[in-house]
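First comes the structure, then the notes that go with it.
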Amino acid sequence: MKKLLTILFLNLILSMPVFSEILKAGVEYTVDSARLVAFQDTKVRIPVKEFWQERHDTMYYSNVLRCIPAGLTHDTFSQPRRIVPFYENDELSFYGIQYDDTPEKKYYYSPKGYLLKYEVNTFDGNYPYKTVAYDIKGRLININLAVSEDEAFVFDRNKKLLIHWIGQNGFDNDGNLSLTRHL
């Protein structure tokens, strides 16, 4: 009888509903751990043929003479693309283009339409992700490792921390506030 009561008691306990909560935990990154992730599987040199056709902005006249002066950030006419101009002293310094059919690639051009920098990112909706920038010879310029929506680490080709973004604030290698931005 004692054995039967024990079995019934165990059945009762084991068949009771269990409520649980799924915890989502983020990964904390230090500069060193971010550096390891940033440079893991990152090519320090890529073949120029990867962006050779984009070395000149083929839509230069449309971009610089029509879209940028009109303040268009997205052009859907001939080849849908996002256009982001960058100004220095109210003068066009350079501009970036991201085509809708290849959102993982960005091209940055001089005001004359010559390629300055090529970027590739690994964003798939999850963090962390990398944005890797290359010069026109296919050499690594820098890596931006976004570890969350509010935090990113930027390293140069020599693995030196350039800036650690936390929200709108950018900190140097010594932890000093060095830049702010408007998001």
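No value in this document is a laboratory result; all are computed from the given coordinates. This one's a predicted model, so the numbers in the text were calculated from it and none came from an experiment. Every residue, glycine among them, receives a Cβ derived from its backbone with ideal geometry; neighbour counts consider all protein chains shown.
Can you find a residue that is assigned to a strand (DSSP E or B), touching a Pro at 6+ places or on another chain (Cβ under 6 Å) and touching a residue at least 12 places away in the same chain (Cβ under 8 Å) anywhere in region 69-88?
Quick first cut of region 69-88, residues assigned to a strand (DSSP E or B) only: 74-75, 81-88.
Filter once more, keeping what is touching a Pro at 6+ places or on another chain (Cβ under 6 Å): none.
Looking through region 69-88, none of the residues is assigned to a strand (DSSP E or B), touching a Pro at 6+ places or on another chain (Cβ under 6 Å) and touching a residue at least 12 places away in the same chain (Cβ under 8 Å).
Any idea which of S110, S148 is of a type in the set (G, A, S) and over 15 Å from the mean Cα position of the chain (by Cα)?
Step by step, each of S110, S148 is checked, and only S110 is of a type in the set (G, A, S) and over 15 Å from the mean Cα position of the chain (by Cα).
Could you list, in sequence order, all residues of region 33-67 that are part of a helix (DSSP H, G or I) and touching a Leu at 6+ places or on another chain (Cβ under 7 Å)? Steps first, please.
As a first pass, look at region 33-67 and keep what is part of a helix (DSSP H, G or I): 33-39, 48-50, 52-54, 60-67.
If the condition is that a residue be part of a helix (DSSP H, G or I) and touching a Leu at 6+ places or on another chain (Cβ under 7 Å), then A34, V37, A38, E54 are the ones that fit.
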Hits in region 89-109 - residues which are free of Cβ contacts under 8 Å to residues at least 24 places away in the same chain, farther than 22 Å from I46 by Cβ and assigned to a strand (DSSP E or B): E91, S93
